[in-house]
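The values are calculated or read from the model by the stated rules, or taken from the named source; none is laboratory data. Here the structure is a predicted model, which means the values were calculated and not measured. All Cβ positions, glycine included, derive from the backbone under ideal geometry; neighbour counts span all protein chains shown. Side chains included, ligands, DNA and RNA excluded: accessible areas come from the protein's heavy atoms. Shrake-Rupley method; radii C 1.70, N 1.55, O 1.52, S 1.80 Å.
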Amino acid sequence: MGNDEEKEKEIEGEEEEIVCLDESFFINDDYQLTRFTFGSHVLQLYCLQSASTDFDLTGQLVWPGAMLMNDYLSKNAELLQGCSVIELGSGVGITGILCSKFCRKVVLTDHNDEVLKILKKNIDFHDSLRSPDSPVELEAAKLEWGHKCQLGEILQKHNGGFDLILGADICFQQSSIPPLFDTVEQLLRTRGHGNCKFILAYVSRAKLMDSLIVEEANRHKLRMSEVSETRCVVGNLEGVIFEITLQ
Ligand SMILES: C[S@@+](CC[C@H](N)C(=O)[O-])C[C@H]1O[C@@H](n2cnc3c(N)ncnc32)[C@H](O)[C@@H]1O
């Protein structure tokens with residue numbers, strides 16, 4: 001073997017360093033069964049008490065936007081009665097699971113596989129508490145915003161789409177806003193004008209995001225209206241409920 005070849009092998013050897021730790025070592029899954037009260041509704045579910053170090057694991061705990069959304073829905077439960085709902089960025093599932101008390105069908109979605117595990121665990125836990133003859137369909141599905149195939153599969157399974165789209169505290173990353181609105185538009189158009197609306201529990205953390213969501217709604221030809229008397233302080237931040245529909 002010539003010198004050059006040996007040197008190449010050595011370099012390759014360095015590149016192929018073996019690391020004996022798999023990524024699960026770094027994931028905190030020490031979920032605690034936690035009690036939440038929204039009006040007269042008490043929910044228990046598994047979640048973390050503080051954020052994980054991984055930015056993409058935001059869904060392991062309950063966010064202020066979910067508290068805002070669930071307070072709003074518990075005071076306006078007639079909005080949900082008998083409806084079919086899809087939730088985007090469900091995290092541990094606190095909003096979708098509250099909805100299952102009123103709706104006929106709830107599909108809770110998220111893109112993160114680790115988050116989907118705890119979401120499914122919470123769904124199973126609630127299924128086990130519910131009376132066996134309860135007619136509600138409650139399920140989890142993987143959905144990355146903007147992923148047309150994943151959304152297509154959900155829409156094929158739930159022929160005709162959904163009456164309501166829900167999103168709690170899902171606007172926090174600039175690059176995910178255009179695909180989020182692509183997905184919302186596709187869901188709204190599946191149902192057609194007047195037959196579906198997107199309820200967004202928005203928590204304002206940056207002026208840039210406040211204007212980006214308005215711009216994206218306009219770009220997708222959607223009407224965005226603030227629901228009166230919903231602007232409030234949640235977790236030291238300003239939150240508000242928006243209703244978003246086709247123009
Ligand atoms: C801040 S957490 C909010 C979770 C829950 N809705 C709540 O309020 O407690 C944002 C959620 O959106 C999910 N998410 C973030 N980006 C996403 C994307 N591009 N597609 C689908 N889900 C996404 C995260 O995995 C996480 O569960």
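Find all pairs meeting these conditions: Cβ atoms under 8 angstrom apart; at least six residues apart or on different chains; first residue within the stretch 76-95 and under 19 Å from Ala140 (Cα atoms) and assigned to a strand (DSSP E or B); second residue open to solvent by 20 Å² or more (accessible area, probe 1.4 Å) and within 12 Å of the ligand (Cβ to nearest atom).
Leu88/Trp145
Can you work out which of the residues in the stretch 174-200 that are more than 13 Å from the chain's Cα centre (by Cα) and among the polar types (S, T, N, Q) is nearest to Thr245 (Cα to Cα)?
Applying the filter and picking the extreme gives Asn195.
In a helix (DSSP H, G or I), open to solvent by 50 Å² or more (accessible area, probe 1.4 Å) and out of contact with any strand residue (DSSP E or B) (no Cβ under 6 Å at 6 or more places or on another chain), is that true of Leu208?
Yes.
Of Leu108, Leu80, which residue is within 13 Å of the ligand (Cβ to nearest atom), open to solvent by less than 10 Å² (accessible area, probe 1.4 Å) and either on the phi > 0 side of the Ramachandran plot or touching a Leu at 6+ places or on another chain (Cβ under 7 Å) (or both)? Walk me through how you get there before you give the answer.
Working: Leu80 fails: within 13 Å of the ligand (Cβ to nearest atom).
Exactly one residue qualifies, and that residue is Leu108.
May I ask you to verify whether Glu87 is within 16 Å of the ligand (Cβ to nearest atom) and either open to solvent by 10 Å² or more (accessible area, probe 1.4 Å) or closer than 22 Å to Cys232 by Cβ (or both)?
For Glu87, the condition - within 16 Å of the ligand (Cβ to nearest atom) and either open to solvent by 10 Å² or more (accessible area, probe 1.4 Å) or closer than 22 Å to Cys232 by Cβ (or both) - is met.
Can you tell me which of (1) open to solvent by 10 Å² or more (accessible area, probe 1.4 Å); (2) touching a residue at least 24 places away in the same chain (Cβ under 8 Å); (3) away from the ligand (no atom under 13 Å from the Cβ) is the one Pro64 doesn't meet?
It is condition (3) that Pro64 fails.
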